[in-house]
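Peer 1: The following block contains the structure, expressed as structure tokens.
What follows is calculated from the coordinates using simple rules that are stated; it is not laboratory data. Remember, it's a predicted structure, so these values are computed and weren't measured experimentally. With ideal geometry, Cβ positions are generated from the backbone for all residues, glycine too; neighbour counts draw on all protein chains shown.
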Amino acid sequence: MTWSIVLGQLHMLSIDDALGGDVVELTAESGLIGLPQQTIDGIMVRCLINPRIKPGSKIKLSNSSIQQAAISTQTKYLDKRPGIDPDGQYKVWAVAMSGDTRGQDWCMDLACTAIKGQAPFSSTYLNAGGTYGS
């Protein structure tokens, strides 16, 4: 199970489940900033602040825009990277926001994985902030 607190309400989900509702499609035209990057903690995404995106919600990305992590052929590395979803749909595990009504920065940093995929390998994604709107 995973949990998050969204606007003071506790949400609990199984590892391979996401909140119901619309899937937020992120493109350069809809608020995606830069290119998503695949890391051991998941697909890291930066976008403009969007109140529809919260921990447990679903987003859709163009898989061709994801910068995939490279694996060294010189080491015996067990590949623990969360995978790329064939349909481009990802569960948001953590959201960190920066910005306010008087500043220039209006961004969200998201840690995501494929909805039916592998959970993040390490727990450093939790440092992104598991609460939203509190």
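Peer 1: For K116, which aspartates and glutamates qualify as cross-link partners when the Cα separation must be under 14 Å and same-chain residues fewer than eight apart are set aside?
Peer 2: Excluding near neighbours in sequence, the set is D16, D17, D85, D87.
Peer 1: Continuing with this model, one more query. Among M108, M1, M44, M97, rank each residue by its count of other Cβ atoms within 10 Å, from fewest to most, as a rough exposure measure.
Peer 2: With the sparsest Cβ surroundings first, the list reads M1, M97, M44, M108.
Peer 1: Hey, with R₀ at 25 Å, roughly what FRET efficiency would A69 and A96 work out to, going by the Cβ-Cβ distance, to 0.05?
Peer 2: 0.80
Peer 1: Just to be sure I understand the model, the point goes 7 Å from the Cα along the line to the Cβ. What's the resulting S14 to L35 distance in nm?
Peer 2: 3.6
Peer 1: Determine, for I84, I59, the number of other Cβ atoms within 10 Å of each Cβ, and report the residues in order from fewest to most.
Peer 2: Fewest to most other Cβ atoms nearby, the residues stand as I84, I59.
Peer 1: With a 10 Å Cβ neighbour count serving as the proxy for reagent exposure, in which order, fewest first, do S65, S14 appear?
Peer 2: Going from sparsest to densest Cβ surroundings: S14, S65.
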